[in-house]
Structure formats: C-alpha cells, structure tokens
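The values are calculated or read from the model by the stated rules, or taken from the named source; none is laboratory data. Just so we're clear, the structure is a prediction, and the values are computed from it rather than from any experiment. Glycine gets a Cβ as well: all are built from the backbone with ideal geometry, and neighbour counts include every protein chain shown. Calculation scope for accessible area: heavy atoms of the full protein, side chains included, ligands and nucleic acids excluded. Shrake-Rupley method; radii C 1.70, N 1.55, O 1.52, S 1.80 Å.
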Amino acid sequence: MQENPNHIEQELVIRYLLKELSLKENLIVEKWIHSSVENKKTFEEIQEIWQASSALKDFENINADLDWKKLKVKIPFGEKIEASDKVSSREISLWGYFYKIAAVLVVAIGLGWLGYQQFNSNSSIVEVAGLGEEKEVKLPDGSSVLLNSNSQIAYYKNFKDNRIIELEGEAFFQVVKNTKSPFRVKTKNTITEVLGTSFNVNENEEQTKVTLVTGKVAFYSSSNKDEKILLEKGEQAVFTKGKLLKQQKVNINELAWKENVLEFKDAELSEVINDLENYFKVEIEVKNPELLNCKYTGTFKDPELDKIFTIVGTTLEATIEKKGEKFLLSGEGCR
Amino acid sequence: MITETQLVEGIKSGDEKAYETAFKLYYGVLSVFAKKYVYDIEVAKEIVQDLFVRLFENRNSLEINTSLKAYLFQSVKNRCLTYITQNQNREKHLQQILILNQGEAVDKIDYVEQTELEEKIFNSISKLPEQCQRIFRMNRIEGKRNKEIAEELNISIRTVETQISKALKILRENLENYLLIVILLYLKMMFL
C-alpha cells in the first residue's frame, strides 16, 4: 500500500471496518495503518465518517417543518393572558387561536352522553371520507379531525356546548383544551375522553384502538364505565371482544398513514406484511411460512407498493405475484 | 440573516419567528443527539419539542451564558437523563445503556461533537454527485448491501464499491478541518 490511498485501498479499509476481510488481509490493512502517521490519520478519518454516517437515517426521517407546524399550536405566542384558567371564557372561533395543551387527566364522568339514536339529520353534521380518501375536518370549537380512508364522524350542530363525536373507522384528533366541555369520541363500543391532546382512534369490526400522541386520555368501554384505562403519550389501548387491554409500546407504523412514512427496524416479515396490508389496504399471502421469519430493515418515505415489493423482494430473495385481488409472496426463506 | 444575539433576544421576548428559526435550525441535530441517550427517535423528538415549549414558558427567567446551541444541547441532555431515570422499565433500560457504553457513566459521555459531525455529513451528502449520492444513501440510509444495490441499479458490484469510496473521499475532503478537531475527542468514546 502507498502513503496516499487510492480508491482501492479505501474499499479495503471499509471492508476491514465491516470485518469482512480474512485474517491475512486484516494484517495487511493494520500494517498499513501503523506504517505512518498519515496512514493512521487517513484510517481514522474514514472510520469516523463511516461510523458517523450510520446516523444518516435518523436525520433523513426528521421533518422540522412539519413538526414545527404541530408544535407551534401548543405554544401560546401573542397571548396576552398568561393564566390558562381563563381559557374557557374566550370564544374559540379561528384555527389560529390555541391554548396550551396541558397534560391534565380528565376523570371519566360517564354521565349524560348521547348514543347513536339521538343523532338526527336536523341537528347533526356528518363528515365522510371515502375509500382511498383522507379528509380534514374543522370542528366548531377549533379542534381538527383528520379522517382516514373509509371513515366518518357525526356531531351535533351545538358542538361547542357538547363536544361529542361519533366515529366509524379511523381518525386522528387534535383537540383544543376547554375545561368546561370535555371532548369525547364515541365508537361502537368505546368512549375516549380528553381535554387537550392529539390522539388516534382506529375502530373496525374486531377492535377499537386508541393511540396517544401527546397529552393524556381516558379510554373506557361504553358498557362498563368503571373499567377504564388511562393512557399517556406514546401508549395505546385496545378494546376487543369486550375486553380492555393496555399496550405500552406503539408500532411507529400505526400512524404511518398520517405522515407517509413506513419504517422497519429489524422487523420480522410477518410484521412488515401486516403494516403493508394496513397501509395500502391490500391482502398479502405468503406461500412459504419460513419466509415470515426473515428480518427486514428499511425506511420508505411516500411509499409505493410496487417499489416496496421490488426492494423487499430483492433483499429477501422472494418474488411477488398478483393473484386476483391478493398478492402472493413466495421464496425460500432466510437462513 | 439573523444573528445569534438577535435569536436569543427573540426567544427571551417570546417572538414566534425566533422560536421557529431556532427550531428549524436545531431540531434535527438535537433529536439525533437525544436519541443517543434514549434510543427511540420518537421519544427523542418529543423531548426536544417539550424543551421548546418550556423555553417559551420560562422565557422571562432564561439565562443563556454560552451560545444558544450549547444551551439547548445541555438542556436536552438533562432532560434525557431525567427521562432515563424515570423510565418505567428503568432497570432494563439502564442496563442496556450501561452495556452499550461499556460501563462508563452515561452522563459523562459527550455526544455533542459526534452528533454535530453526523449532521455535517448529512448536509454534505446532498452535495455529492448524483449516482454517487444515490449509492451512498442506499448503502448507509436504506441499509442495503452492495450486492442488492448492484442488482437494483443494474450495475456491477465493483462500480458500487467505487462509488462508495468516491463518496468517502469527497466527504473526507469536505470535512477535513472538522475531522481533525473531532478525532481526538472521538477516540475517547466507545466505538459501537
């Protein structure tokens, strides 16, 4: 090796760092490193850049503009009144006026809330997001709802006085704090009650899932108001077949539909398939069950299904066919 | 162009533009920095976001004697350490951190320079030539092996290797001055 490395030697160094070299080759590289101060410096620089570039993925996934938009809502810029208790006396009429969202827990009251039968077309408003659509709805109190595909909500016209929303499907809520009027989301079997926070409710035939992004939320079954779960940010509760379960960890891909990113970190293929099915609303079948143990790591921004299939397929040496409405994944599996 | 002093002034007086500027400037590097302590990027981002809210709340009593950046780094670090100690899975979590840091007390390790270097590299990547950049990203960001990259782009593995080397060469040249300073500090840290 020469004093000034050309590109061949740089590759050797990388493979050395990745521990891909034979014993003999390792010794050659090490000898070169220690043969001069220049070489040592060169090696350390390469090593440092190589090591530091493992954080690139993290930087790539950070969207400061988007997160600022979400964050600034929580900071009371330009507010003249400092104390948050005076909140309820002000009219919230525009999206721009927001109060600090506090992590205050609302103890479930469970009295006097309304059921489906009390909604009639004269006094209520229904908002629907069709299949493949996403819809953002602004509520009269300034809160907002982002409806996922094939979901709908209904609420009374006098919403400001009685903040109840009925939900079918999945939606992400950003709620304005109002101590005088608790915000409640009702699905077929559950009620989610909150003061000021952002959270996601996903309801389908089998279960209702509430994922909390910020703040605190009380989640309880509508048939048994004593059994309740208190959620903190990052937590998720699931209500299924009459039982309430609290899940601590949240799969980052749960809210993927909101930010158009799918991330997999050493994830088993079974998990990847599950997330793909939920995100793209498709059905994927795996021919060889051994494939399910394969692990995959990767991040997809603005994911496109065919691209993902190509990439994952190449990585795991699997092929994908489309059979009617389903996708069929076949391959040998991983070591 | 807003100066550091103006930025600090703006923050102390609660000016929204100042907060927005500071946030967009430092959010990325602070979050990746926090992630080194808490291991979860979502938790890391949350910590940084909370910091900015608190910054506004306490703006009247703020005392920033060093630079704004240094102040923010220190604040984030403190919050991370608090988070670690308050974490419900405390035992398991602390153990994990200790093992990975090979016994050094986590509060003594300084990740600031390391994170700043990582940010510089990230910013430099976008200036690489197109093919070179693409391949480097596929390798380092998407985590693909050289064989996969070669197959996907329909080129030889040799070409992939050459391009990655080229990327490293350019990065080394761009960061030359910065690297010289950082190496000494880096050597003190555990190589993960």
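List pairs: first residue in segment B:123-138 and of a type in the set (Asp, Glu), second residue open to solvent by 80 Å² or more (accessible area, probe 1.4 Å) anywhere in the structure, Cβ distance under 9 angstrom, at least six positions apart or on different chains.
Once the first residue is of a type in the set (Asp, Glu) and sits in segment B:123-138, no partner that is open to solvent by 80 Å² or more (accessible area, probe 1.4 Å) comes close enough.
Mind counting the residues in segment B:3-51 that are in contact with a Ser or Thr (Cβ under 6 Å, 6 or more places away or on another chain), free of Cβ contacts under 8 Å to residues at least 24 places away in the same chain and more than 10 Å from chain A (Cβ to nearest Cβ)?
Qualifying residue count for the region: 0.
Can you say whether residue A:325 is within 14 Å of another protein chain (Cβ to nearest Cβ), surrounded by fewer than 18 Cβ atoms within 10 Å (Cβ to Cβ) and of a type in the set (D, E, K, R), as far as the supplied structure shows?
No, not satisfied.
Which of the residues that make up segment A:30-73 are of a type in the set (A, V, I, L, M, F, W, C), within 26 Å of residue A:264 (Cα to Cα) and not in a helix (DSSP H, G or I)?
A:62, the sole residue that qualifies.
Checking the structure you have, find out if any residue of segment B:69-88 is surrounded by fewer than 12 Cβ atoms within 10 Å (Cβ to Cβ) and at pLDDT below 65.
yes
Would you please name the residue that is nearest to residue A:134 (Cα to Cα), looking only at residues in segment A:286-319 that are open to solvent by less than 80 Å² (accessible area, probe 1.4 Å), more than 11 Å from chain B (Cβ to nearest Cβ) and not aliphatic (A, V, I, L, M)?
Within segment A:286-319, the match that is nearest to residue A:134 (Cα to Cα) is A:303.
Under 7 Å between Cβ atoms, at least 6 apart or on separate chains: pull out the pairs that start in segment B:143-172 with a residue that is more than 19 Å from residue A:13 (Cα to Cα) and end on any residue that is open to solvent by 10 Å² or more (accessible area, probe 1.4 Å) and not hydrophobic (A, V, I, L, M, F, W, C).
Taking only residues 6 or more apart or on different chains, the pairs are B:148/A:314; B:148/A:315; B:149/B:139; B:150/B:156; B:151/A:314; B:152/A:314.
May I ask you to list the residues in segment B:146-162 that are of a type in the set (D, E, K, R) and either within 18 Å of residue A:50 (Cα to Cα) or away from chain A (no Cβ under 11 Å) (or both)?
Of everything in segment B:146-162, just one residue is of a type in the set (D, E, K, R) and either within 18 Å of residue A:50 (Cα to Cα) or away from chain A (no Cβ under 11 Å) (or both), namely B:161.
Of a type in the set (D, E, K, R), at the interface with chain A (Cβ under 7 Å from one of its Cβ atoms) and open to solvent by 40 Å² or more (accessible area, probe 1.4 Å): is that true of residue B:63 in this structure?
no
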